[in-house]
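Below you'll find the structure, written out as structure tokens, and then a few comments.
The values are calculated or read from the model by the stated rules, or taken from the named source; none is laboratory data. Everything quoted here is computed from the prediction, not taken from an experiment. All Cβ positions, glycine included, derive from the backbone under ideal geometry; neighbour counts span all protein chains shown. Remember, those area values only see protein heavy atoms, side chains included, never the ligands or the DNA or RNA. Shrake-Rupley method; radii C 1.70, N 1.55, O 1.52, S 1.80 Å.
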Amino acid sequence: MGLKGKIAIVTGSATGIGKATAILFAKNGAVPVIADIDISGAEQVKKEIEKIGISTAAIEVDVSDVDAIKDMVNSVVDRFGTVDILVNNAAVVHDTAIEDIDENEWDRIMAINLKSVFFCTQQVLPYMIKKRWGRIINLSSIAGRMGGYAGGLGYTASKAGIIGLTMGFARRVAEHNITVNVIAPGPTKTEILKNIPEERMAKVIDLIPLKRLGRPENIGETVVFLATEGADFITGAVIDVNGGIFMG
Ligand SMILES: NC(=O)c1ccc[n+]([C@@H]2O[C@H](COP(=O)([O-])OP(=O)(O)OC[C@H]3O[C@@H](n4cnc5c(N)ncnc54)[C@H](O)[C@@H]3O)[C@@H](O)[C@H]2O)c1
């Protein structure tokens, strides 16, 4: 697959889709760096990856903080020499009603979910440009494709913003042989759904033609594919992985 030894930063990989992605990268010979605000969770994932036989690093980072992003990328480059793949996966949800969202909440969601995607990408690009190879894979959501079935509009806006940002970066860095794509998962069984009441979840599952939630590995497999040589003509694409709930 051409992934052996490739250095892949996966943000938000202490759990959920990021963790599944990191493990799948390791199984395919890449070196996934576990970057998360939850350092104890990240250390656990690092241990699991080392059992697969890949030596890696767990890094504590708050992706809403641009200085922390710079420190993260510098420490990856100090340890591994470069960055080949970036997966912008870290995000938070909120479920606040329109009338109750205040400026602080709006800014916090945007900083974690959207500003982070711009600055993580900005910081890794020089290394990818230097070697004329790079893969950037961003995690949007069905919410960014069609407004979402529930949840706060800050989340929806941040996830729609990631789609525009992906296309903008894809056009600007294509000349350096760097691809930038975005995956829009549908409801997927992770901690992010933990506060959604069971009856509401049952209604959502009923809307999914494949009649089940996604597994984190369903999304992780797609991320890994986009990083391989087999995907080298795909850029600026939005890949829906959602059991058929939205066909755009
Ligand atoms: N699970 C779903 O149903 C679903 C659906 C559509 C899109 N997505 C997207 O997939 C991605 C992964 O979601 P998930 O379901 O695995 O979520 P999750 O809540 O299970 O994992 C998110 C991870 O991000 C980390 N994180 C949160 N804030 C951070 C910060 N400021 N800095 C660094 N790390 C931070 C958390 O510690 C956690 O490890 C997200 O971008 C999410 O929006 C998920």
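If packing is taken as the average number of other Cβ atoms within 10 Å across a peptide's residues, how do 224-233, 24-33, 102-111 rank, most packed first? Walk me through the numbers before you get to the answer.
Working: 224-233: 16.8, 24-33: 23.5, 102-111: 14.3.
Result, highest mean first: 24-33, 224-233, 102-111.
What is the gain in length, in nm to one decimal, between E199 and R215 on full extension, counting 0.36 nm per residue of separation less the C-alpha to C-alpha distance? Kindly include the intermediate steps, with their values, before the conclusion.
Working: separation 16, 0.36 × 16 = 5.76 nm, distance 1.96 nm.
Difference between extended and current length: 3.8 nm.
Given a 1.4 angstrom probe, I'd like the percentage of the accessible area of segment 153-212 that is carbon and sulfur, rounded to a whole number.
Here it works out to 57 percent.
Subtracting the Cα-Cα distance from 0.36 nm times the residue separation, let me have the gained length for I39 to L207 in nm, one decimal.
Answer, rounded to one decimal: 56.9 nm.
Take each complete run of DSSP H in the chain, measure how far its Cα atoms stretch along the helix's own axis, and keep only those covering 15 Å or more with mean Kyte-Doolittle hydropathy at least -1.0; list them. It would help to have the intermediate numbers written out before the result.
On the way: long enough: 16-27 (17 Å, 0.98); 39-51 (18 Å, -0.92); 66-80 (21 Å, 0.31); 116-131 (23 Å, 0.47); 153-173 (30 Å, 0.61); 216-227 (17 Å, 0.67).
The qualifying helices are 16-27, 39-51, 66-80, 116-131, 153-173, 216-227.
Restricting to Cα pairs below 8 Å that are 6+ residues apart, what does the relative contact order work out to for segment 155-247? Please round to a whole percent. All intermediate terms of the calculation are to be shown ahead of the outcome.
Values: 103 pairs, mean separation 38.8, N = 93.
Rounded, it is 42 percent for segment 155-247.
Report, ordered by chain and residue number, the aspartates and glutamates lying within cross-link reach of K51, taken as a straight Cα distance under 17 Å and ignoring same-chain residues fewer than 8 apart.
In chain and number order, the partners are E43.
In the chain, with Lys and Arg counted as +1 and Asp and Glu as -1 at Cβ, which of these residues, I136, F233, T96, has the Cα nearest the positive end of the dipole, that is, farthest along it?
Highest projection toward the positive end goes to F233.
How large is the helix-only mean residue ellipticity at 222 nm for the chain, computed as the sum of -39500 (n - 2.57) over DSSP H runs with n ≥ 4, divided by its residue count, in deg cm²/dmol to the nearest 500?
Numbers: 9 runs with 112 residues, N = 248.
The helix-only estimate for the chain comes to -14000 deg cm²/dmol at 222 nm.
Running Debye on segment 7-241 with equal point scatterers at the Cα sites and no solvent, what base-10 log of I(q)/I(0) appears at q = 0.09 Å⁻¹?
-0.34
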